[in-house]
2 protein chains.
Amino acid sequence: MKIIDAADLEAIALGGAVYGTGGGGDPYIGKLLAQNAIRKSGSVHLIDVESLADDALVFEVGGIGAPTIVIERLASLAPLLNAVEALETHLGRRVTALMSGEAGGLNSTIPFAAASALGLPLLDGDPIGRAFPELQMSLCTLQGIAASPLALADEKGNSVIIDAHNNATAERFARSITIDMGGSVFGALYPMSGAQVKKALIRGSISRLLDAGYALFNARAKHADPVQALLQASGGRLLHAGKVTSVERATGGGFVRGHADIEGLDGYAGGCLRLSFQNEFLLARRGDRVLASTPDLICAVDSETGEPITNEKMRFGLRVAVLGIPCDAAWRSDAGLALAGPRYFGHDVDFVPVELSR
Amino acid sequence: MKIIDAADLEAIALGGAVYGTGGGGDPYIGKLLAQNAIRKSGSVHLIDVESLADDALVFEVGGIGAPTIVIERLASLAPLLNAVEALETHLGRRVTALMSGEAGGLNSTIPFAAASALGLPLLDGDPIGRAFPELQMSLCTLQGIAASPLALADEKGNSVIIDAHNNATAERFARSITIDMGGSVFGALYPMSGAQVKKALIRGSISRLLDAGYALFNARAKHADPVQALLQASGGRLLHAGKVTSVERATGGGFVRGHADIEGLDGYAGGCLRLSFQNEFLLARRGDRVLASTPDLICAVDSETGEPITNEKMRFGLRVAVLGIPCDAAWRSDAGLALAGPRYFGHDVDFVPVELSR
C-alpha cells in the first residue's frame, strides 16, 4: 500500500500524460481536482488488489466523453460523487474500493479525487494498462465482466443508469447519453467483485505512472536525458526522433483523427515517421513498415524536456522523440486484437509487437 | 369500476384510432397483445382515480418511439414487464396501479396488456386526453410532476433508468436511448403518488375511447351515419367533408411531416381544407382561416364507414370527414399552449378553440 499525497499527484499526472499516448485527455485538471480533494479530505491509499476480499465491491470511476469538454466542465466533483451514489443505490450496496478505468490520460488522476472525497482506497492497477477511447476496450470485456449496470451523471443533477446485455451496447448507450448531457459526463461503471477484479486488473499500472513521472522530474533536476529516463522507467523502445514537418487533423464523430509526419534527425536521418491518431496515437509507420501499433503504446515527447505531446499539440517544427511501449500480453491475444488492434480502428495492417519491429 | 374483456378491446382500439388524430400509432397490435394477455391472465379492472389511496404508486406504461417500428417489434410483452420491474426495483416499491400515458393511438391499448399480465388495475383516465409525440407533453408537466425516474427496456434484455431534472430533458435522453435500442422501446414512466395522479389525470378518457368505439360499431350495425355517431359520442364538430386531392409527406427526425388537401363536397363544396400533420394532425385551415389546431383534436375518418384515417393512410381520392374535438381546458392555458400549441410545432398561427372557429 502506498499513501498518495498532493505532491505525488504531480508525478502521476505527468506519467499519465506520457501513457495517454497522445489522447486520453490532459490529466492536468483531474490533478487539480484530486489535489484539492486531498487537501480537504486527506491522502489516498493506493492498495494492492490482493488485499481485497473476494466479495468486495469495486467501481471504475472517471470521465467519459470528449476530453476537451471534460476538462472545461470539471469545475466540481459533485457529479462524480452522484454517479457513485446512484450506482450504490441501484445495487443496494456500498462500494469497497475504487479503481481507474485506464492508466493514462485524464482518468489516471480523476479517480484520486473521488477516492479522497469518499474516503475510499484506490486500487494500484487498471484493466487496460493505457488509455482507450471506448468503454468496452478493457480486459474486463475479455474476461466476460460486464460494464453494466453503470451510472452516468452530469452537473445539472441528471443521472442515468444503463443495464446493457453486452459492453459494446453499454458503450453505445453511454455515448448517446454523454452527447445528450453536453459531451462529457462522469461515470461509475464496471461494478465488480474482488474476485472479478483480480482476474482483469493489470497490477501496478498506477505506480508505473508515478514512477514515470518521478523519473522525468529527476532527470530534469539532474539535467539528464529525459527521453532515456522515460525509456528506462517504461521498458519502452525509442522508435524515432525528429522534427514535425506536417500535421493533418479532422474532428468528427467525437474523435480527432489525423496524422503527423516526423522527419528523422540524428540517428534517424534516413526516414520520415508517420504517426496516425484517433485521439490516441494508433500507428507508427516508416513508409510501409509498421514500427508500432495499437494495442502497444506509442508515446510522443518533446526531445529536450521529455514533456508528453498530445495529438492536439503536434505542430510544425516541434522536435519529438517517439517511444513504443509493449502493452499487456492479454491484448495481444486474438480476442484482444479484435477489440483494440489496428483493424478495429480502420488500419488494414497486422499487429507487430513493438519489441520485434525493425 | 369497469371490467374490460377481450371484446371491449375491439371498441377501445377503434376509439383509440379515432382519438389518435392521425398519428399515435395504430392500436391494432396493442389490442392483439392485450387480448392475448386477457385470455391468459384475465380481464382488466378499469378503476376511477378517486378509489386510489393518496400514497398509492402509479406508473405510466407504453411504447416510445416510431409507431411503425413499435408495431413491428411488438412480438412480446416481456420488455414492458421488464421496464415495470426495473422501475419498481429502482424505487424499492411495488406499483399499485398502471395508467395509459395517452388516450389515443397505440398507447391506449398497450397498457391493458401490462395490466392483465401483472394483475394490476388500470386507471380510467390519462394525463393528455389525446396522443402527443413527446413525453413532456403531459398535464403532469404543467402540474410539476416529474417523468423521472423512468425505465426503458428493449427485447434484447437491455434496460436504462433515466433520472432527469426536468421532463424535456427526460424526453431528450429517452429519445436517444430509443434510437439506440432500434427505434422503439417500452417504458414505465412518470411514477406518481395517488395524490399526484389526482391532480393531473383527465377522468374517464379511456371510457371515452370505449364509448366512441361502441358508437361506431352500433352505427354500422344499424346502417346509421357513423360520422354523426362519432360526433355525438365525442362532443366534436364536423369541420369538413370532401375528397383528398393531394398529399405531401416527408419522413425525418423520427417524424412524418406533411399535409393533405381535401376538396370540399356536399355542404363544403366551396372550399379546400389543408390538414397539416407531424405524426398527428396539428392544423386544419381553409385558406388562411384556422378551423382547428393542436392541442384541440383533429380527427379524419372515412365518410362512409367512419374508419379512422391516419396520416399514412391519406391518399388521393379518399372521401373523408374531418372532426374537431375540444381538448381538455388545461391545455388552453398559456403554459399548455406553450407546451403543445401550434407554435411549438412550428406553425405561426394563434390557437382558436375549435368550438369558436368559423
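Please report, in cubic angstrom per residue, the volume enclosed by the convex hull of the alpha-carbon atoms of chain B.
Taking only Cα atoms, chain B has a hull volume of 120 Å³ per residue.
How many times 2.2 N^0.38 Å is the alpha carbon radius of gyration of segment B:105-228?
Expressed relative to 2.2 N^0.38 Å, the Cα Rg reads 1.23.
Run the label-point distances for B:Gln228 please: 7 Å along Cα to Cβ, every other copy, nanometres, shortest first.
Values, ascending and in nm: 10.4.
Across peptide A:154-160, what mean number of C-beta atoms from other chains lies inside 10 Å of a residue's C-beta?
Rounded to a whole number, the mean comes out at 6.
First select every other residue whose beta carbon is under 12 angstrom from the beta carbon of B:Gln278; then total the charges, Lys and Arg +1, Asp and Glu -1.
Result for the local shell: 0.
What accessible area per residue, rounded to a whole number of Å², is obtained for the protein assembly as shown using a probe radius of 1.4 Å?
37 Å²
If each of B:Thr245 and A:Ala221 carries a label point 7 Å out from its Cα toward its Cβ, how far apart are those two points in nm?
8.9 nm
Please build a GNM for chain B, connecting alpha carbons under 10 Å apart, and tell me which residue among B:Ser207, B:Ser100, B:Ser333 fluctuates the most.
Of B:Ser207, B:Ser100, B:Ser333, the Gaussian network model singles out B:Ser333 as fluctuating most.
Hey, any idea what the orientation-averaged projected area of the convex hull of segment B:276-347's Cα atoms comes to, in nm²?
5.3 nm²
Which of rounded, prolate or oblate describes segment B:204-357 when judged by the alpha-carbon gyration tensor and an a/c cut-off of 1.5?
Taking the square roots of the gyration eigenvalues as a ≥ b ≥ c, segment B:204-357 is oblate.
Starting from the Cα gyration tensor of segment A:150-220, take the square roots of the eigenvalues, sort them a ≥ b ≥ c, and report rounded, prolate or oblate (rounded when a/c is under 1.5, otherwise prolate if a/b is larger than b/c, else oblate).
oblate
Would you check the accessible area of B:Phe345, probe 1.4 Å, heavy atoms only, in square angstrom rounded to 10?
It works out to around 30 Å².
With every protein chain in place, what's the accessible area of A:Thr178 (1.4 Å probe, Å², nearest 10)?
Looks like 0 Å² after rounding.
Determine the shape class of segment A:22-163: with a ≥ b ≥ c the square roots of the Cα gyration tensor eigenvalues, call it rounded for a/c under 1.5, and otherwise prolate if a/b is greater than b/c, oblate otherwise.
rounded
Please give the calculated 222 nm ellipticity per residue for the protein assembly as shown, where each DSSP H segment of at least 4 residues contributes -39500 (n - 2.57) and the sum is spread over every residue; nearest 500 deg cm²/dmol?
The per-residue figure over the protein assembly as shown is -9500 deg cm²/dmol.
Quick one: net charge of A:Ala114's neighbours, Cβ under 12 Å, K/R +1, D/E -1?
Summing Lys/Arg as +1 and Asp/Glu as -1 gives -2.
Return the sequence-ordered ³J(HN,Hα) values of segment A:243-250 in whole Hz as given by the Karplus equation 6.51 cos²θ - 1.76 cosθ + 1.60 applied to θ = phi - 60°, using x for Gly and Pro.
Once rounded to whole Hz, the list reads 10, 5, 10, 7, 9, 10, 8, 9.
In straight Cα distance, which lysines are under 24 Å from B:Lys313, not counting same-chain residues fewer than 8 positions off?
Cross-link targets: B:Lys31, B:Lys243.
Can you put A:Asp302, B:Asp26 in order of accessible area, largest first, using a 1.4 Å probe?
Result of the area sort, largest leading: B:Asp26, A:Asp302.
What is the average number of partner chain Cβ atoms found within 10 Å of a Cβ in B:144-151?
Mean number of neighbouring Cβ atoms from other chains: 1.
Note the angle between two axes, namely the Cα long axis of helix A:6-18 and the longest principal axis of the Cα atoms of chain A, as a number of degrees from 0 to 90, rounded to the nearest 10.
That helix lies at roughly 50 degrees to the long axis.
In the structure displayed, which of A:Lys198/A:Lys222; B:Lys2/B:Lys40; B:Lys2/B:Lys156; B:Lys199/B:Lys222 lie more than 30 Å apart, Cα to Cα?
Over 30 Å Cα-Cα: A:Lys198/A:Lys222; B:Lys2/B:Lys156; B:Lys199/B:Lys222.
Kindly give the distances from B:Lys40 to its copy-mates, label point to label point, with each label point 7 Å from Cα along Cα→Cβ, as nm values to one decimal ordered shortest first.
B:Lys40 label point versus its equivalents elsewhere: 5.3 nm.
Considering only protein heavy atoms and a probe of 1.4 Å, how much of the accessible area of chain A is carbon and sulfur, as a whole percent?
Answer for chain A is 51 percent, counting heavy atoms of protein chains only.
Rg over Rh of segment B:1-70, using C-alpha atoms and the Kirkwood radius, what does it come to?
1.00
Count charges around B:Ala335 for me, please; just the other residues with Cβ under 15 Å from its Cβ, Lys/Arg as +1, Asp/Glu as -1.
My count for the surroundings of B:Ala335 gives +1.
Go through segment A:239-329 and name the chymotrypsin sites (Phe, Trp or Tyr not before Pro) that are in a DSSP coil and have 11 or fewer other Cβ atoms within 10 Å of their Cβ.
In loop regions of segment A:239-329 (DSSP not H, G, I, E or B), the sparsely surrounded chymotrypsin sites (Phe, Trp or Tyr not before Pro) are A:Phe316.
Mind checking the mean number of beta-carbon atoms from other chains within 10 Å of the Cβ atoms in A:168-179?
Mean partner shielding for this stretch: 3.
Note the distances from B:Lys199 to each other copy's matching label point, with points 7 Å along the Cα-to-beta-carbon direction, in nm, sorted shortest first.
Reported distances to equivalent positions: 4.8 nm.
Quick one: pull the percentage of alpha-carbon pairs in segment A:190-246 with a separation above 15 Å.
Here the tail beyond 15 Å accounts for 64 percent of pairs.
If I model segment B:236-321 as equal point scatterers sitting on the Cα atoms and use the Debye formula, what is log10 I(q)/I(0) at q = 0.21 Å⁻¹?
Those come out to -0.97, one per q.
From the convex hull of the Cα coordinates of the protein assembly as shown, what is the mean projected area in square nanometres?
With the hull built on Cα positions only, its mean projection is 34.7 nm².
So how much accessible area does B:Glu85 have, in Å² to the nearest 10, using a 1.4 Å probe?
Approximately 100 Å² for this residue.
In a solvent-free Debye calculation with one equal scatterer on each Cα, what is log10 I(q)/I(0) for segment B:252-295 at q = 0.15, 0.16 Å⁻¹, listed in the order of the q values?
Normalising to I(0) and taking log10 leaves -0.40, -0.45.
The values are calculated or read from the model by the stated rules, or taken from the named source; none is laboratory data. Just so we're clear, the structure is a prediction, and the values are computed from it rather than from any experiment. Using ideal geometry, Cβ is built from the backbone for each residue, glycine included, and neighbour counts are taken over all protein chains shown. All accessible areas refer to the heavy atoms of the entire protein, side chains included, with ligands and DNA or RNA removed. Shrake-Rupley method; radii C 1.70, N 1.55, O 1.52, S 1.80 Å.
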